[in-house]
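Below: the structure, in structure tokens.
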Amino acid sequence: MTEDNSRQHSESSIDGLPQPHGVYPPAQGYSPARSAFEDIRIGDYTRDGTAAVLLFVSFFLPWSATVAITRVGSSALVVLLVLPTLLSLVSLSLPYVARLGMLGPNWNVGQIRVLRLVANGPLIATVVGLVVYDVIRGMFRFSESSSVFTGNGVGAGAWFGLAGALLAAQPRAAEIRIDPRTAPRWLALVKPLVFVAWGSSVASALLALIYILVSASRYRYYDGPQTFESLIVLFVSSAVPIVVVGVAAVGLARRFASWRLTIAALGIALLAAGLLHSISEGTSVELFHTVTASPYYGITFLIAAAAITFIPFGVASAGDGTHPGYVWLAAARNGMLLIAVWSFGVGFSQIAMAATQFGIVPWGDALVLAVLAILFGILAVVGV
């Protein structure tokens, strides 16, 4: 028997291709079983994993100046924070259990999308409630008989929880392919949220101005040069978030494709800053009724807008035939513009605090920070 004949008897063939020993050829009409998850992209898995991490980390961060899951609390605190967060975590499994048929044969993509929104609604409503409570409670400082100076603020735990809930609630790429109308509806919320952040910065600055003037007329010892210095610091420091967020809002209105990517990066930076500040300081909250040296950026609204920008729809296109690479380049230049505006603003506010000696740091340290901030601003302008 020749070598060729031996190979013919020892090796099967499929479509004329030799097969290794011990492998049976498939039967006629055989087709491999299809996975229930084959239409889920890697980006969907990444989005679900990121949402789970954000929700889990939120357990260990402060949600306001007085509220945190890790602190000693009551059953009301558990209902307010723990249960909505767990419900959002459970909602991440809905697309998978539906594909496995564990919810029954009649569930479709639209029903799962609505159920996921309902499951994440309580956590989103909780964060909105914290924002509203911060605004309302701080208003009592205008009362002459009240001892309240400011609200409780909104902390990094709420920011992480909000970002995780929005990532968990938004449609996945596999769902957008079936119903592409849902993604534009979500993306339409980005501009209003950034404009709300800008409007809240303006409102916070105006209320702080009114509070200083009311205090000056109510307490005689607070009148005079100290009031003037407070107004200078308030004007300069409050101008920073108003201008920075205003630039982002105008940019979104004019060039949404590139500024969408910039807002996404800004949200990541804000979450990282909140996490690091919470670790170092033990608490990290943003107060609507601010003191003069701590302006209000509307971080909660900016993070909500950033979370929505991660919807897997139209990311790599400007929508007008522009090459996607130019969109990413424009997004990077937008980021450098925000860094430049913020750096110059911080530099001038530090100079104002050093001149009035109204800041929380010595005037020498304030000048050093001012010089560094202005240098970073100059470098950022060169990058733009």
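Values as computed for the structure displayed
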{"quantity": "Any pair with Cβ under 9 angstrom, 6 or more apart, that starts in the range 322-342 at a residue that is among the charged types (D, E, K, R) and ends at one that is open to solvent by 50 Å² or more (accessible area, probe 1.4 Å)", "calculated": "R333/V384"}
{"quantity": "Verdict on F160 being modelled with pLDDT under 90, hydrophobic (A, V, I, L, M, F, W, C) and open to solvent by 10 Å² or more (accessible area, probe 1.4 Å)", "calculated": "no"}
{"quantity": "Hits in the range 347-372 (condition: under 30 Å from R255 (Cα atoms) and either hydroxyl-bearing (S, T, Y) or buried (at least 20 other Cβ atoms within 10 Å of the Cβ) (or both))", "calculated": "G347, S349"}
{"quantity": "Residues that are open to solvent by 20 Å² or more (accessible area, probe 1.4 Å), more than 16 Å from A304 (Cα to Cα) and small (G, A, S), drawn from the range 251-291", "calculated": "A253, A257, S280, G282"}
{"quantity": "Boolean, A188 is open to solvent by less than 10 Å² (accessible area, probe 1.4 Å), farther than 19 Å from H289 by Cα and at pLDDT 85 or above", "calculated": "no"}
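Residue-by-condition table, conditions (1) modelled with pLDDT of 85 or more; (2) closer than 13 Å to G157 by Cα:
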site	(1), (2)
V53	yes, yes
V57	yes, yes
P62	yes, yes
A65	no, yes
A68	no, yes
A76	no, no
S88	yes, no
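The values are calculated or read from the model by the stated rules, or taken from the named source; none is laboratory data. Treat the numbers as computed from the prediction; the structure is a model and nothing was measured. Positions of Cβ are backbone-derived with ideal geometry, glycine not excepted, and every protein chain shown enters the neighbour counts. When the accessible area is computed, the model is the full protein with side chains, heavy atoms only, and any ligands, DNA or RNA have been set aside. Shrake-Rupley method; radii C 1.70, N 1.55, O 1.52, S 1.80 Å.
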